[in-house]
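Undergrad: Submitted below is the structure of interest, expressed as structure tokens.
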Amino acid sequence: MKLTSIMSSIVVPRITNHKDELLLPALTLWWREIVRFYRQRTRVVGVIASPVLFWLVIGSGFGSSFRSGAGDQHYLDYFYPGALIMIVLFTSIFTMMSVIEDRKEGFLLSVLVAPVSRSAIVLGKVLGGTTLSTIQGLIFLVFAPLVGVHIGFGSYALVAITVFLVSFALTALGFAIAWPMDSTSAFHAIINLFLIPLWLLSGALFPLSGASPWLRLVMQINPLTYGVEALRQLLYPATGGTLFESMATLVLFSLFMFGLAFLMANRRTTKPAA
């Protein structure tokens, strides 16, 4: 049975409970994102393999010339949290290309004309991408022992929460960018122009303390910086820092991005592709 038929059967007017009207369509869209992603094996392999290769090549290349200053840390160790965030970024953003694909295929229009609130559409799509990117990011933790990191249960739970918050915020951002677009090429252009620099200036490649004053200011107002810092503080407690400040910033970033995605979905009336 096609998912469009499933959506129609779920969102029929017989449902009168407001909670069901929100959760059932959202869960259906969430499950669709999971199935859709893992049916494309090359995407699963590429999302993990590319950052791993990047981490090993860049980390090994700079390893002999870079020291973070925190216990003479090897660059391969320093770059590890940044590589994890890269996996989350790629998965979160590229998963939201499905918004554009759904519009071209006519699926999104069929959902919009159904008696489904747009908050359910946003929630389902964003949670689907968040689940995928969180899983992909946590899989990367299998490499943690290679950089001398042995995570206990408590620390692992905090790492999982941090990865989830970053994933949620970036997925919501990807949704907000993809919603008004009709072209995947334009989506890629925005990513290259805006989102990759967002990662580059998050402290993933070089520490904030060593940056020039203007660049340090940009990094301080970049919310992704606090995701990288939170992971670094959890994986390497000796680096210091205030974990509460980083986590609080991530929560606010997540709420703001979801609010933006919700506003974008309610501003534009999606038209069928020509």
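The values are calculated or read from the model by the stated rules, or taken from the named source; none is laboratory data. Here the structure is a predicted model, which means the values were calculated and not measured. Glycine also receives a Cβ, built like all others from the backbone with ideal geometry; neighbour counts cover every protein chain displayed.
Undergrad: Answer yes or no as to whether Leu53 is modelled with pLDDT of 75 or more, among the aliphatic types (A, V, I, L, M) and loosely packed, with under 15 Cβ neighbours inside 10 Å.
TA: Details: modelled with pLDDT of 75 or more: yes; among the aliphatic types (A, V, I, L, M): yes; loosely packed, with under 15 Cβ neighbours inside 10 Å: yes.
Answer is yes for this residue.
Undergrad: Does segment 196-207 contain any residue that is part of a helix (DSSP H, G or I) and under 30 Å from Phe107 (Cα atoms)?
TA: Narrowing segment 196-207 to residues part of a helix (DSSP H, G or I): 196-204.
From what is left, the residues that are under 30 Å from Phe107 (Cα atoms) are 196.
Looking through segment 196-207, at least one residue is part of a helix (DSSP H, G or I) and under 30 Å from Phe107 (Cα atoms).
Undergrad: Follow-up. Which of the numbered conditions does Val142 fail, given that it passes all the others? Conditions: (1) exposed (fewer than 15 other Cβ atoms within 10 Å of the Cβ); (2) farther than 24 Å from Ala83 by Cβ.
TA: Evaluating Val142 over (1) exposed (fewer than 15 other Cβ atoms within 10 Å of the Cβ); (2) farther than 24 Å from Ala83 by Cβ leaves (2) as the failure.
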